[in-house]
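Have a look at the structure below before the remarks.
The values are calculated or read from the model by the stated rules, or taken from the named source; none is laboratory data. Note that this is a predicted model, so its numbers are computed, not measured. For neighbour counting, all protein chains shown are included, and Cβ atoms are generated from backbone atoms with ideal geometry for every residue, glycine included. Note: areas computed on protein heavy atoms with side chains; ligands, DNA, RNA excluded. Shrake-Rupley method; radii C 1.70, N 1.55, O 1.52, S 1.80 Å.
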Amino acid sequence: MKNNKQNLLLIFSRNPELGKCKTRLAAIVGDKTALDIYRFLLQHTAGITKNINAQKHLYYSSTIGKNDIWDNNGYDKKLQSGNDLGERMTNAFRYGFDKGFSKIMVIGSDMYDLSQDDLDDAFKSLDEHDYVIGPAEDGGYYLLGMKVLNQDIFKNKNWGNKTVLKDTLADLKNSTIKLLATKNDIDIYEDIKDIEVFEPFIKDIKI
């Protein structure tokens, strides 16, 4: 599939390092298992994005990976910059719009409950809406898309708090918004304990 040169998907990814990813999950399952689960989620994200109808910018948290699961020809690899998540997303969106993209979306890399069709449909929804947002069960969002940079929605947010989605929607009260299905991102043990695909990772965990 030829990628749409007007669509840009931003993928924010934490470098998979022992003891530095999925720390709330690691508190229950241990650092090694948490890292294994995160690497599994990275593989899933790479799988659902490799053929998406968009250009892709992959933003690493600390160092840019060279020989990892992300194809150097399919992903334009960059480093996140900013003091908090809001600044880092603002800078990534600004760079994309400065490069001439007309529809830009951001996702994380820990969403097992997300598919390529979800992403393609979200881009299409921007044809008729100013914004597209995928609400997360924890009160945040797993996807955010727009057609014009609005950096105000990234300011004055308590990132990681259950009020992020509510506060973001309040900032957009005069805009047209497409709300996607609510989905569950993977942060804590309760997010995975009843999902069959994660059973091999946690079968020996005693709670």
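Laid out as a table, the results:
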| quantity | calculated |
| --- | --- |
| Index of the failed condition, residue 96 passing every other in (1) at pLDDT below 95; (2) more than 15 Å from the chain's Cα centre (by Cα); (3) of a type outside the set (S, T, N, Q); (4) surrounded by 16 or more Cβ atoms within 10 Å (Cβ to Cβ) | (1) |
| Test: residue in the stretch 140-152 that is open to solvent by less than 50 Å² (accessible area, probe 1.4 Å), of a type in the set (Val, Ile, Thr) and modelled with pLDDT of 95 or more | no |
| Some residue of the stretch 124-136 being open to solvent by less than 50 Å² (accessible area, probe 1.4 Å), more than 24 Å from residue 6 (Cβ to Cβ) and in a strand (DSSP E or B) | yes |
| Residues of the stretch 14-51 classified as at pLDDT below 95 and under 20 Å from residue 144 (Cβ atoms), total | 1 |
| Unmet criterion (only one of (1) outside any helix (DSSP H, G or I); (2) closer than 17 Å to residue 92 by Cβ) for residue 20 | (2) |
| The one condition in (1) free of Cβ contacts under 8 Å to residues at least 60 places away in the same chain; (2) open to solvent by less than 60 Å² (accessible area, probe 1.4 Å); (3) under 16 Å from the mean Cα position of the chain (by Cα) that residue 79 fails to fulfil | (2) |
| Residues located in the stretch 1-35, provided they are open to solvent by 80 Å² or more (accessible area, probe 1.4 Å), under 30 Å from residue 98 (Cα atoms) and of a type in the set (A, V, I, L, M, F, W, C) | 1 |
| Number of positions in the stretch 161-180 that are open to solvent by 60 Å² or more (accessible area, probe 1.4 Å), in contact with a helix residue (DSSP H, G or I) (Cβ under 8 Å, 6 or more places away or on another chain) and part of a helix (DSSP H, G or I) | 1 |
| Which numbered condition residue 21 misses (of (1) over 18 Å from residue 203 (Cβ atoms); (2) free of Cβ contacts under 8 Å to residues at least 12 places away in the same chain) | (2) |
| Filtered residue count, the stretch 26-84, keeping only those that are under 21 Å from residue 123 (Cα atoms) and in a helix (DSSP H, G or I) | 6 |
| Hey, residue 58 of a type in the set (A, V, I, L, M) and either in contact (Cβ under 8 Å) with a residue 40 or more places away in the chain or open to solvent by 30 Å² or more (accessible area, probe 1.4 Å) (or both) or not | yes |
| Count of the stretch 188-207 residues which are of a type in the set (A, V, I, L, M), surrounded by 10 or more Cβ atoms within 10 Å (Cβ to Cβ) and more than 16 Å from residue 35 (Cβ to Cβ) | 2 |
